[in-house]
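Take a look at the structure set out below.
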Amino acid sequence: MKKKINWNKWTRKTHYWVSVVIILPILIVIITGILLQLKKEINWIQPPTIKGQVQNNPIISFDDILNATRTAEEANIKSWDDIDRLDVRIEKGIVKVRGKNRWEVQIDTKTKKVLQVAYRRSDLIEQLHDGSWFNDKVKLYIFLPSGIILFILWLTGLYMFILPYAVKWNKKKR
């Protein structure tokens with residue numbers, strides 16, 4: 001004879017033990033997620049975007065960008081090999097140069113002058129958030145399953161929340 005599954009007991013046990021397994025990855029996701037939500041409000045996380053002199057009319061060349069970036073000593077950018085990406089903001093009249101060392105240099109697209117040099121932490125926080133900072137295997141085999149397990153926790157928590165109301169509703173119905 002088959003033993004009947006006690007769903008109430010099963011969801012509580014699952015909820016309890018699975019939450020212990022994912023506590024550290026989910027804590028990292030929560031903390032970094034909060035920081036990412038605040039990245040535009042806290043300059044320490046992501047430098048604010050400065051406006052250039054003239055918007056929607058860039059005259060800067062790639063050589064000008066590299067030369068201007070080299071003048072920003074803090075960024076320690078010597079060649080294109082040191083640059084991770086360029087973020088051109090035509091509407092703001094600037095180009096953001098992001099170094100592989102996480103330094104950001106903002107250059108006016110009209111005057112070719114450096115407007116701001118600052119350390120950018122938001123990319124590091126994003127890598128921590130998705131687990132890729134640790135390793136791509138950690139991202140796929142720890143953070144992804146943790147997200148799936150968190151969804152299961154959500155489902156079992158929802159079940160435990162709704163169950164008392166369903167029992168009361170059934171009693172009233174009888």
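The values are calculated or read from the model by the stated rules, or taken from the named source; none is laboratory data. These numbers were taken from a predicted model, which means no experiment stands behind them. Because the Cβ atoms are built from the backbone with ideal geometry, glycine has one as well, and the counts that use them run over all protein chains shown.
Enumerate the pairs (first residue in the range 50-71 and on the phi > 0 side of the Ramachandran plot; second residue anywhere and of a type in the set (A, V, I, L, M, F, W, C) and part of a helix (DSSP H, G or I)) with beta-carbon separation below 9 Å, excluding pairs fewer than 6 apart on the same chain, so at least 6 apart or on different chains.
If the second residue must be of a type in the set (A, V, I, L, M, F, W, C) and part of a helix (DSSP H, G or I), the pairs left are Asn56/Ile90.
Tell me, yes or no, whether the range 3-12 has at least one residue that is at pLDDT below 85, closer than 30 Å to Thr111 by Cβ and over 25 Å from the mean Cα position of the chain (by Cα).
no
Would a scan of the range 28-43 turn up a residue that is out of contact with any Gly (no Cβ under 9 Å at 6 or more places or on another chain), closer than 30 Å to Leu163 by Cα and either at pLDDT 85 or above or part of a helix (DSSP H, G or I) (or both)? I'd like the intermediate steps shown before the answer.
Initially, the range 28-43 is screened for residues out of contact with any Gly (no Cβ under 9 Å at 6 or more places or on another chain), giving 30-43.
When the remaining residues are screened for being closer than 30 Å to Leu163 by Cα, the result is 30.
If we keep only those that are either at pLDDT 85 or above or part of a helix (DSSP H, G or I) (or both) as well, we get 30.
Checking the range 28-43: at least one residue is out of contact with any Gly (no Cβ under 9 Å at 6 or more places or on another chain), closer than 30 Å to Leu163 by Cα and either at pLDDT 85 or above or part of a helix (DSSP H, G or I) (or both).
Which ones in the range 85-131 are aliphatic (A, V, I, L, M) and without any contact (Cβ under 8 Å) to a residue 40 or more places away in the chain?
Result: Leu86, Val88, Ile90, Val95, Val97, Val105, Leu124.
Among the numbered criteria (1) surrounded by 16 or more Cβ atoms within 10 Å (Cβ to Cβ); (2) part of a helix (DSSP H, G or I); (3) among the hydrophobic types (A, V, I, L, M, F, W, C), which one does Met160 miss?
Failing condition for Met160: (1).
When you look at Trp17, is it of a type in the set (Phe, Trp, Tyr) and either touching a strand residue (DSSP E or B) at 6+ places or on another chain (Cβ under 8 Å) or modelled with pLDDT of 90 or more (or both), yes or no? Working first, answer last.
Working: of a type in the set (Phe, Trp, Tyr): yes; either touching a strand residue (DSSP E or B) at 6+ places or on another chain (Cβ under 8 Å) or modelled with pLDDT of 90 or more (or both): no.
For Trp17, the condition - of a type in the set (Phe, Trp, Tyr) and either touching a strand residue (DSSP E or B) at 6+ places or on another chain (Cβ under 8 Å) or modelled with pLDDT of 90 or more (or both) - is not met.
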